[in-house]
Amino acid sequence: MASKKKVPAMNTSSTADIAFLLLCYFLMTTTMGSQTGLSRRLPPMPDQNQKVEDQKVNRRNIIVVKINSADRLLAGSEPMDVSQLKDKIKEFLSNPADDPTLPEKTMTDIEGYGQYPVSKGVISLQNDRGTSYHAYIAVQNELVKAIDELRDEFAFKNYGKPYLNLTEEQQDIAKKAIPQNISEAEPKDVSKK
Amino acid sequence: MSKFGGSNNKKEVPAMTSSSLSDIVFMLLFFFMVTTQLRDTENKVVVKLPEASQSVKLERKDLASYINIGTPTLQYQNQYGTDARIQLNDSFKTVDDIRDFIAAERESMSEGDRQFMTTVIKADEDVRMGIITDVKQELRRCSALKIMYQARRPATD
């Protein structure tokens with residue numbers, strides 16, 4: 001009984017060193033920053049054999065936003081600053097007074113909501129080869145902001161909550177009611193001028 | 001101890017148990033392993049992202065392929081100049097190489113995930129739109145239509 005040997009404790013002080021080494025390895029080789037950006041869907045390339053059909057879009061349904069090589073902005077037919085663009089786009093898309101020069105609306109049946117006058121407005125974004133990316137993103141950002149604010153207004157009116165707090169189905173409804181119709185023009189249109 | 005005399009009669013300080021230290025470090029390790037992702041490429045171009053307040057988070061990082069556009073870093077400037085260049089994976093490429101790059105990226109994904117593939121355009125804010133338009137046209141030709149212009153949220157929200 002008295003000769004019971006004590007098992008010597010294992011020296012664990014180096015485990016911490018090993019773990020630190022691993023930790024440092026992961027700290028060096030990985031990145032943490034979440035990536036953010038503006039999502040877009042490009043239009044598919046038209047088939048070469050297919051005859052290019054002129055999409056007949058009524059003139060009142062289109063707003064052309066042009067950025068030239070000096071990063072100056074032209075929306076519709078008037079030059080403006082980037083800060084003014086958002087309100088212009090909001091007015092264009094919502095057309096509150098049913099102005100005949102602004103886009104028409106069609107009553108569309110939205111699943112889970114009912115009838116809603118959806119605007120047929122399309123924003124056509126054109127840029128020059130010399131436009132800086134910085135200005136281009138700034139304009140894209142304003143366009144998204146305008147649409148997001150309209151969706152927010154829609155959400156407040158119908159659900160009393162901002163768009164981001166809606167359920168997924170409600171967000172889908174808002175997306176259908178205020179679609180994001182931004183067309184990025186073919187570059188050939190751009191080089192002409 | 002006592003047989004060495006009074007001069008050595010100091011009390012020994014008990015050793016600190018460091019066994020829990022490794023647990024703490026492992027916890028840190030797991031935290032970083034879970035929250036970070038492996039950096040797959042080395043940046044050979046300088047990219048200062050433009051600011052956009054409306055930027056949204058990229059949903060599936062594993063389905064993204066990156067196209068970096070910017071001026072080469074200092075060590076490559078004598079070789080490639082200071083004009084904006086495209087970097088795919090680890091080397092400088094031209095617009096024509098995008099097709100192969102996209103095809104390779106598609107190949108590496110599972111069948112069901114291919115439709116969700118996102119091409120992230122990571123361009124410096126000072127590049128001209130010409131090169132980006134070329135890239136966009138090439139992407140349309142490869143029918144990689146889901147793109148994202150990478151941007152950062154401004155610091156003051």
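The values are calculated or read from the model by the stated rules, or taken from the named source; none is laboratory data. In this text the structure is predicted, and so the values were computed from the model without any measurement. Positions of Cβ are backbone-derived with ideal geometry, glycine not excepted, and every protein chain shown enters the neighbour counts.
Here are the numbers for this structure:
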quantity	calculated
Subset of region B:30-81 that is in contact with a Ser or Thr (Cβ under 7 Å, 6 or more places away or on another chain), of a type in the set (S, T, N, Q) and outside any loop (DSSP other than H, G, I, E, B) - its residue that is modelled with the lowest pLDDT	B:Q37
Residue in region B:126-137 that is out of contact with any Ser or Thr (no Cβ under 6 Å at 6 or more places or on another chain) and either more than 23 Å from A:G130 (Cβ to Cβ) or among the hydroxyl-bearing types (S, T, Y) (or both) present	yes
In region A:76-130, residue surrounded by the fewest Cβ atoms within 10 Å (Cβ to Cβ) [restricted to those that are under 20 Å from the mean Cα position of the chain (by Cα) and among the hydroxyl-bearing types (S, T, Y)]	A:S83
Selection from region A:145-165 of residues that are surrounded by 22 or more Cβ atoms within 10 Å (Cβ to Cβ) and touching a residue at least 60 places away in the same chain (Cβ under 8 Å)	A:A146
Residue in region B:106-130 that is surrounded by the most Cβ atoms within 10 Å (Cβ to Cβ), counting only those that are hydrophobic (A, V, I, L, M, F, W, C) and under 18 Å from A:L38 (Cβ atoms)	B:A123
Scope region A:121-174; condition closer than 13 Å to A:V82 by Cβ and more than 14 Å from chain B (Cβ to nearest Cβ); matching residues	none
Enumeration of residues in region B:112-157 that are facing chain A (nearest Cβ under 7 Å), over 22 Å from A:D71 (Cβ atoms), in contact (Cβ under 8 Å) with a residue 12 or more places away in the chain and in a helix (DSSP H, G or I)	B:L139, B:R141
A:F26 touching a strand residue (DSSP E or B) at 6+ places or on another chain (Cβ under 6 Å), modelled with pLDDT under 85 and among the aromatic types (F, W, Y)	no
Hey, A:E111 in contact with a helix residue (DSSP H, G or I) (Cβ under 7 Å, 6 or more places away or on another chain), modelled with pLDDT under 80 and over 23 Å from A:L42 (Cβ atoms) or not	no
